[in-house]
Amino acid sequence: MQQINTRLLKNRLAQLDIPVVPNPSHIVPVLVGEAETCKIASDQLLREHGIYVQSINYPTVAKGEERLRITPTPGHNEKMADYLVNALETIWRKNGFKRVNDWKNLGGRAGVGTNAPNPKPIWTDSQLS
């Protein structure tokens, strides 16, 4: 169920051009790109939407690759995912945060906005069905 929830969330964010660092795991790293901006996003998610999402900054990730670390669990459901996606879209729009296309225009960062192939998921479709 965790991998299904992860795929759902990654797909919904992709539809809104919200930048997710490509990876095969259950972690959904949303690229923000600056430590201060990442903290703003994390703080606004908690304060305005009641959602705790950890900001990940240097030295855990390279400077310029700061991100929000979202970890869907089997206990999450589609309604919760929709709430999170809507909250992220609100924050991205309100603050003018970079979207996938913006990263592409800058040459890409952390696998976002590049032509690199997406990693294969850990779980195949047949394993999840």
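The table for this structure:
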item: Karplus-derived 3J(HN,Hα), 6.51/-1.76/1.60, for each residue of segment 96-101, Hz, glycine and proline x; result: x, 5, 5, 9, 3, 4
item: Long-range amide H partners of Gln54 with built H, under 5 Å; result: Arg69
item: The chain, relative contact order in percent, only Cα pairs under 8 angstrom and at least six apart counted; result: 32 percent
item: Computed P(r) (all Cα pairs; segment 23-70; 5 Å bins; percent); result: 5, 26, 29, 23, 12, 4, 0
item: Distance violations [Cα-Cα > 20 Å] among Lys63/Lys94; Lys63/Lys98; Lys98/Lys120; Lys39/Lys104; result: Lys63/Lys94; Lys98/Lys120; Lys39/Lys104
item: Net lengthening on full extension, Lys94/Asp82 (0.36 nm per residue, minus Cα-Cα); result: 2.5 nm
item: Residue (of His26, His76, Gly50) at the positive-pole extreme of the chain, dipole from beta-carbon charges; result: His26
item: Gap separating the Cα centres of segment 8-73 and segment 92-129, nearest whole Å; result: 12 Å
item: Relative contact order %, segment 1-50, counting alpha carbon pairs below 8 Å whose residues are six or more apart; result: 25 percent
item: Correct option for Cα extents along the principal axes in Å [calculated from the coordinates] among [x] 40, 34, 27; [y] 48, 31, 26; [z] 41, 31, 28; result: [x]
item: Sorted peptide list for 71-78, 115-122, 9-16, criterion being average Cβ within 10 angstrom, highest first; result: 9-16, 71-78, 115-122
item: Under 11 Å from the Ser129 label point (7 Å along Cα→beta-carbon), backbone N, segment 2-16; result: none
item: Karplus-derived HN-Hα couplings along segment 15-30 (A = 6.51, B = -1.76, C = 1.60, θ = phi - 60°), whole Hz, x at Gly and Pro; result: 4, 9, 6, 7, x, 10, 5, x, 6, x, 8, 7, 7, 10, x, 9
item: Value of [θ]222 nm, deg cm²/dmol, for the chain, DSSP H segments ≥ 4, -39500 (n - 2.57) each, nearest 500; result: -13500 deg cm²/dmol
item: The chain - charge dipole about Cα centre, Lys and Arg +1 at Cβ, Asp and Glu -1, debye rounded to 20; result: 140 debye
item: Least to most buried among Glu65, Glu36 (fewest other Cβ within 10 Å first); result: Glu36, Glu65
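Values in this text are rule-based calculations from the coordinates and carry no lab data. For clarity, every value in this text was computed on a predicted model and none was experimentally measured. As a convention, Cβ positions derive from the backbone with ideal geometry for all residues, glycine included, and neighbour counts pool all protein chains shown.
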